[in-house]
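> Got a structure for you, questions after.
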Amino acid sequence: MSISDTLAPLIGRLAFGWFFLTQVAIYGGNWDSTIDLMTFRGVSGAAFILVLTLLLITMGAISLIFGYHARYGALILFTLTMIATVVLHDWWRITDNPAQRATEFELFACHLAIAGGLLMLIGMGPGPVAIDNRNRGGGKR
């Protein structure tokens with residue numbers, strides 16, 4: 001097994017975990033603004049949904065960082081990413097402001113790319129350096 005086979009999945013999981021934990025800090029730290037955005041976008045029960053979402057994101061990110069049930073963690077993060085992408089970045093509905101439409105499209109595309117990476121993790125597994133593989137001698141799962 002090469003170094004890239006061993007380290008690439010680990011570094012990728014760490015990058016995803018870091019990204020999602022920073023998002024928790026940003027959205028949790030800007031609580032009122034996040035609630036206002038969610039309410040503006042038509043999300044009912046925004047405070048409850050935000051608490052639940054931040055909790056699930058934290059659990060998913062920690063799962064990826066340690067490689068513990070990483071496929072489930074990636075599935076949770078994939079699902080939340082897709083829901084947030086469609087609900088909060090609906091660029092196709094913006095017709096009167098080309099700059100805002102372009103910004104929302106860019107965010108939509110970035111989130112879609114993140115979702116694609118999570119799907120790869122779901123399909124290929126966490127790699128050999130993961131708690132999921134601790135009893136397999138570092139073998140793939």
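Every number in this text was worked out from the coordinates using simple rules, so none of it is lab data. A quick note: this is a predicted structure, and the numbers were derived from the prediction, not measured. Cβ sites come from the backbone with ideal geometry, for glycine too, and all protein chains shown count toward neighbours.
> Could you give the length gained by full extension between VAL86 and LEU7, i.e. 0.36 nm per residue of separation minus their alpha carbon distance, to one decimal place? It would help to have the intermediate numbers written out before the result.
Details: separation 79, 0.36 × 79 = 28.44 nm, distance 3.27 nm.
Gain in length upon complete extension: 25.2 nm.
> Moving on. Please report the spacing between the Cα centers of segment 1-42 and segment 64-121 in Å, no decimals.
So the two Cα centres are separated by 11 Å.
> Once phi is turned into ³J(HN,Hα) by the Karplus curve 6.51 cos²θ - 1.76 cosθ + 1.60 with θ = phi - 60°, what whole-Hz value does each residue of segment 118-134 show in order, with x for glycine and proline?
5, 4, 4, 5, 4, x, 9, x, x, x, x, 9, 8, 4, 4, 10, 5
> In segment 3-40, whose amide N lies under 18 Å from the spot 7 Å out along Cα-to-Cβ of PHE48? List them in ranges.
35-36, 38-40
> Here is a follow-up. At 0.36 nm per residue, minus the direct Cα-Cα distance, what do GLN100 and ILE26 gain on full extension? Give it in nm, one decimal, please.
Values: separation 74, 0.36 × 74 = 26.64 nm, distance 2.13 nm.
Full extension from GLN100 to ILE26 adds 24.5 nm.
> If you don't mind, there's one more thing I want to ask. Given R₀ = 22 Å, what would the calculated FRET efficiency be for ALA15 paired with ILE131, taking r from the Cβ atoms and rounding to 0.05? Don't skip to the end; give the middle numbers.
Values: r = 18 Å, r/R0 = 0.81.
Efficiency, rounded to the nearest 0.05: 0.80.
> May I pose another question? With Rg/Rh (Cα atoms, Kirkwood Rh) in mind, check [x] 1.05; [y] 0.96; [z] 1.08 and report the label derived from this structure.
After the calculation, the listed value that fits is [x].
> So, one more: With the crude spin-label approximation of a point 7 Å out along Cα→Cβ, what separation in nm comes out for ARG41 versus THR79?
1.8
> Another question, then. Which trypsin sites (Lys or Arg not before Pro) in segment 27-99 sit in a loop by DSSP (not H, G, I, E or B) and have at most 14 other Cβ atoms within 10 Å of their own Cβ?
ARG41
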